[in-house]
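Encoded as structure tokens, the structure appears first; notes follow it.
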Amino acid sequence: MKAVCQALGLARSNVHRLHIRPENWIDARTQRPANVSDATLLDEIKAQITELPTYGYRRACALVNRHRAKTGAARVNAKRVYRVMAGHALLLPKAPRRRQSSRPHEGKVAVAHSDVRWCSDGFEIKCDSGQTVTATFTKDCCDREILAFRAWEGKGLPGEPVREMLIEAVEKRFGDIDGIPGTHTLEFLSDNGGAYIAAETRQIARQLGLKPVNTPVCSPQSNGMAESFVNTFKRDYVSRMDLANAKMVMAQMAAAFEHFNEVHPHSALKMKSPREFRQHRAAQQRLAQIEQALHCE
């Protein structure tokens, strides 16, 4: 058998598999069962992206699989979702390629564990009335959850909203306004905006147990996770908001941040939302503790 396979250029394992294969075997890749599954999948995709027109096929696939998991249905492959969406003109146009920076950025903003590094940035939203809404946020660089935000009418980023936001973020994660435990090191990454480098802000951050870290001047890539979130928020949420006036915009901000935390699939989290990722991590840690306890017994 070995000499025959060598002469024919075949793998013995493949010949053996073909030999033991049953006569009624069907290659599912070439003979897809004739049913309405694609039509059903199309309805599922449309149901998920009707209110999320800026979602591409990967996020659409994640939402479909999330819904199927709740009903006990089988998962669907992203390639199949791509094929169905392409056949019905539901794919997004390709984004223009961005110009690459000539400055090398070899650092990495993301971290492996939650509450090791938080990042922050500010952005503006122009209203149809001519008003401007300015907002700032704090984001975990591991699980991508938006811990706290502040929004107000007007231009400019004052220090007081940033300091209030930091207190809220610490309370949310650690449940103690007195500050983070002394043995825990947590960086607070931001640019060199006046609100972040103000003496009062840095003092409050240190009192809370945070370590203020500022990016180099003219180096937005060093705070790339916060910069990327601003683009995502404006593309997926601001583009769908009622921008009539500042009051209307600020009334929609909380729901938008909550949707990002609860629903928005993130590629770095294996298409889980930030809350899903945190729940999955917590479940893994509990299972590891149980296994360790059983092993010790």
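Does residue 119 qualify as being in contact with a Cys (Cβ under 8 Å, 6 or more places away or on another chain), modelled with pLDDT of 95 or more and under 26 Å from residue 226 (Cα atoms)?
The answer is yes for residue 119.
Determine which single condition residue 159 fails, assuming it passes every other condition in (1) buried (at least 18 other Cβ atoms within 10 Å of the Cβ); (2) modelled with pLDDT of 95 or more; (3) within 17 Å of residue 208 (Cα to Cα); (4) of a type outside the set (S, T, N, Q).
(2) is the only condition that residue 159 fails.
For the range 214-240, enumerate the residues that are of a type outside the set (D, E, K, R) and touching a residue at least 40 places away in the same chain (Cβ under 8 Å).
219, 221, 222, 223, 224, 225, 226, 229, 230, 233, 238, 239
Going by what's in this entry, would residue 157 be described as touching a residue at least 40 places away in the same chain (Cβ under 8 Å) and not aromatic (Phe, Trp, Tyr)?
It is false that residue 157 is touching a residue at least 40 places away in the same chain (Cβ under 8 Å) and not aromatic (Phe, Trp, Tyr).
Any chance you could count how many residues in the range 166-198 are surrounded by 12 or more Cβ atoms within 10 Å (Cβ to Cβ), polar (S, T, N, Q) and within 18 Å of residue 116 (Cα to Cα)?
Qualifying residue count, the range 166-198: 2.
Can you tell me which residue in the range 141-156 is surrounded by the fewest Cβ atoms within 10 Å (Cβ to Cβ), limited to those that are basic (Lys, Arg) and at pLDDT 95 or above?
150
Exactly one of (1) of a type outside the set (Val, Ile, Thr); (2) modelled with pLDDT under 95; (3) under 21 Å from the mean Cα position of the chain (by Cα) is unmet by residue 254. Its number?
(2)
When you check residue 154 against the structure, is it under 30 Å from residue 251 (Cβ atoms) and under 24 Å from the mean Cα position of the chain (by Cα), yes or no?
Judged against the criteria, residue 154 is not a match.
Give me the pairs, please: first residue somewhere in the range 54-69 and touching a residue at least 60 places away in the same chain (Cβ under 8 Å), second residue anywhere and assigned to a helix (DSSP H, G or I), beta-carbon distance under 6 Å, and either six or more positions apart or on two chains.
54/235; 54/236; 55/49; 58/78; 61/78; 61/81; 63/48
Please go through the range 123-147 and give me each residue that is in a loop (DSSP other than H, G, I, E, B) and under 22 Å from the mean Cα position of the chain (by Cα), ordered by number.
Selection gives 141, 142, 143, 144, 145.
The values are calculated or read from the model by the stated rules, or taken from the named source; none is laboratory data. Fair warning: this is a prediction, and the values are worked out from it, not measured in the lab. As a convention, Cβ positions derive from the backbone with ideal geometry for all residues, glycine included, and neighbour counts pool all protein chains shown.
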